[in-house]
Amino acid sequence: MWRIVAEVVLLPAIYALSSGAVSAAPEAALPVRQIASGVYVFNGVTAEQDAHNRGAIANLGFVVGSRCVAVIDTGGSPAVGEALRASVRAVTALPVCYVINTHVHPDHLLGNQAFLGDKPVFVGHARLPAALAARGRTYVASAERLMGDTGRGIELVPPSRTVSDQDTLDLGGRMLHLRAWPTAHTDNDLTVLDEASGTLFAGDLLFVEHMPVVDGKLAGWIRVTDTLAAADVKAVVSGHGDAGAAWRDAFAKQGNYLRALADQTKAAIKAGRTLSQAVDEVARDQTANWALSELFHRRNVTAAFAELEWED
Ligand SMILES: [Zn+2]
């Protein structure tokens, strides 16, 4: 069951400057919903990052134990991180002891620096530091270009604790089980299961409404999608969009798209089609099912082509 307790927190921030950041005004708290006891979620808008949304485009959350709080993803800018921090402070005075990043994409971790003053342990997949080192500067440049002032002054915060297989974090009477996955959406996808409520934070291993974006391995993501569709959990928080109770259907829909992409790209390669022909032809019937397909579908076919070109 997906228990939606209609508790919307939209309060003026109880604000503390962190990491010496200079900010003109305290950030208002992000509107979060309590989806299970002690589990709070902010749903990002389905869009590209821009100056208006300030990078609040991914779903973010936090889990409150009896000792401390774990934040799961921090948003696409320091301002969104500050706003998420204000949401935490509006709910509890307990310290933030963990900040967990589900993967390297900027809309999930450019808000990390807002939590530096809390001195949490930053947690990520074992391959996250390398991915951040390779991509970080590009992400910072894009943030400045796409978000203006909001995108300036970004400090990249890599994990101080990494997970190569599984790990467990104790929030005080409340355990979070972390799992590092083989390459799927990216090569550094990490999921977080709150044992007490049975809520799985899937990060971008699940896209809802927003077209799935392939930045890892199509074959691996199809396998992980099938595994998670059958997961023995009560609720799933996707990285984008909100499937509510219908999260198993959402995994199935995502699997259909990824399979169409893989099968039709393989067929195009076999038929001797060029990359540009494949980009125009593959899985075109699928694009109407998703938002932002004009931004991501061609890129997905290009990624699929590169992955599958040298397969037998
Ligand atoms: Zn992502």
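The values are calculated or read from the model by the stated rules, or taken from the named source; none is laboratory data. Being a predicted model, the structure only gives us computed values, none of them experimental. When we count neighbours, we look across all protein chains shown, and the Cβ atoms used for this are built from the backbone with ideal geometry, even at glycine.
Numbers below:
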| read-out | value |
| --- | --- |
| Exclusive hit being farther than 30 Å from Ser37 by Cα, in contact with a His (Cβ under 7 Å, 6 or more places away or on another chain) and away from the ligand (no atom under 14 Å from the Cβ), set Thr287, Thr265 | Thr287 |
| Residue in segment 100-114 that is modelled with pLDDT of 95 or more, closer than 22 Å to Val63 by Cα, out of contact with any helix residue (DSSP H, G or I) (no Cβ under 8 Å at 6 or more places or on another chain) and away from the ligand (no atom under 16 Å from the Cβ) present | no |
| Residue within segment 268-283 that is assigned to a helix (DSSP H, G or I), under 26 Å from the mean Cα position of the chain (by Cα), free of Cβ contacts under 8 Å to residues at least 60 places away in the same chain and within 20 Å of His185 (Cβ to Cβ) present | no |
| Unique match (being away from the ligand (no atom under 13 Å from the Cβ), more than 17 Å from the chain's Cα centre (by Cα), of a type in the set (A, V, I, L, M) and at pLDDT 95 or above) among Val157, Val121, Val163, Val192 | Val121 |
| Number of positions in segment 166-185 that are more than 16 Å from the ligand (Cβ to nearest atom), among the hydrophobic types (A, V, I, L, M, F, W, C) and either closer than 17 Å to Ile35 by Cα or part of a strand (DSSP E or B) (or both) | 4 |
| Pick from segment 186-201, criterion in a strand (DSSP E or B) and without any contact (Cβ under 8 Å) to a residue 60 or more places away in the chain, ranking: farthest from Asp165 (Cα to Cα) | Leu200 |
| Cross-chain or 6+ apart pairs with Cβ under 9 Å, segment 27-54 first and surrounded by fewer than 16 Cβ atoms within 10 Å (Cβ to Cβ), then among the acidic types (Asp, Glu) | Ala51/Asp149 |
| Condition broken by Thr227, with the remaining ones in (1) of a type outside the set (Phe, Trp, Tyr); (2) away from the ligand (no atom under 16 Å from the Cβ); (3) more than 27 Å from Thr265 (Cα to Cα) satisfied | (3) |
| Residue that is surrounded by the fewest Cβ atoms within 10 Å (Cβ to Cβ), among those in segment 153-169 that are touching a strand residue (DSSP E or B) at 6+ places or on another chain (Cβ under 8 Å) and among the acidic types (Asp, Glu) | Asp165 |
| Residue that is out of contact with any His (no Cβ under 7 Å at 6 or more places or on another chain) and modelled with pLDDT under 95, where the choices are Pro78, Pro26 | Pro26 |
| Search result, residues across segment 48-87 that are β-branched (Val, Ile, Thr), over 26 Å from Ala141 (Cα atoms) and within 18 Å of the chain's Cα centre (by Cα) | Val63 |
| Residue selected from segment 234-248 under the condition surrounded by fewer than 18 Cβ atoms within 10 Å (Cβ to Cβ) and aliphatic (A, V, I, L, M), by the criterion farthest from the ligand (Cβ to nearest atom) | Ala245 |
| Scope segment 202-224; condition without any contact (Cβ under 8 Å) to a residue 60 or more places away in the chain, β-branched (Val, Ile, Thr) and within 15 Å of the ligand (Cβ to nearest atom); matching residues | Val208, Val224 |
| Exclusive hit being assigned to a loop (DSSP other than H, G, I, E, B) and within 30 Å of Asp285 (Cα to Cα), set Val214, Val224, Val236 | Val214 |
